[in-house]
Amino acid sequence: MPSKDIENAIRDIPDFPKKGIIFKDITPVLSDIHLLRKSIDLMVEPFMNQKIDVVVGIESRGFIFGTPIADKLNASFVPVRKPGKLPYKTEQISYELEYGTDSLEIHKDSIKEKQKILIVDDLLATGGTAEATCNLISKLKGNICGFVVLIELEFLEGRKKLNQYNVHSIVKY
């Protein structure tokens, strides 16, 4: 299934959230049920025969795609969130940003050792958040089978941080 119609629906918002950034707005894809379904189908397709146990969605737009992908894979869904958003005991990891650090958390009991994990997000840019999520899952001894995103900004080379994983993207810029 070609993804040109999905790509055409994604709009550029200049200088958001700050000057010099061109934000890739996926809300037109989300508001069109046919494009939303097609996006989910294209994202899940490479992983249909891998017997995924858990789909991990990265806050916040990874939740949008992760939940229906988990349903299609007959897998559970686990959120990875910013600190202080999860109510139970968490595992946390800090990672470097361009200017400073950030952290992510996951419930300690959400992934069992050797479970097959698919990580989902809307966008792969520099790969910092993606790599941190992979490290967090590895701390819980999950077996990462793949990483899937709707959009990949290839010029930022985030895929290099994930080169040991099967990375799949629908729209590439």
Hits in segment 104-129 (condition: of a type in the set (Ser, Thr, Tyr) and either assigned to a loop (DSSP other than H, G, I, E, B) or within 19 Å of Ala70 (Cβ to Cβ) (or both)):
Ser110, Thr126
Looking only at segment 63-112, filter to residues that are at pLDDT 95 or above and among the acidic types (Asp, Glu); which one of those is nearest to Met48 (Cα to Cα)?
Asp71
Lone qualifier among Glu96, Glu105, Glu91, Glu113 - being touching an Asp or Glu at 6+ places or on another chain (Cβ under 9 Å), in contact (Cβ under 8 Å) with a residue 12 or more places away in the chain and over 30 Å from Ile22 (Cα atoms):
Glu91
Where in segment 18-103 are the strands (runs of 3 or more DSSP E), entirely inside, with at least 3 residues that are among the small types (Gly, Ala, Ser) and over 17 Å from the mean Cα position of the chain (by Cα)?
none
Name the single residue, out of those in segment 14-34 being of a type in the set (A, V, I, L, M) and touching a residue at least 40 places away in the same chain (Cβ under 8 Å), that is surrounded by the most Cβ atoms within 10 Å (Cβ to Cβ).
Val29
Among residues of segment 133-166 being under 22 Å from Lys112 (Cα atoms) and β-branched (Val, Ile, Thr), the residue surrounded by the fewest Cβ atoms within 10 Å (Cβ to Cβ) is Ile144
Of Lys4, Lys51, which residue is in contact with a Lys or Arg (Cβ under 7 Å, 6 or more places away or on another chain), among the basic types (Lys, Arg) and farther than 13 Å from Leu123 by Cα?
Lys51
Listed residues Arg37, Arg81, Arg11; which is free of Cβ contacts under 8 Å to residues at least 12 places away in the same chain and among the charged types (D, E, K, R)?
Arg37
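The values are calculated or read from the model by the stated rules, or taken from the named source; none is laboratory data. Note that this is a predicted model, so its numbers are computed, not measured. Don't worry about glycine lacking a Cβ; one is built from the backbone with ideal geometry, like all the others, and counts go over all protein chains shown.
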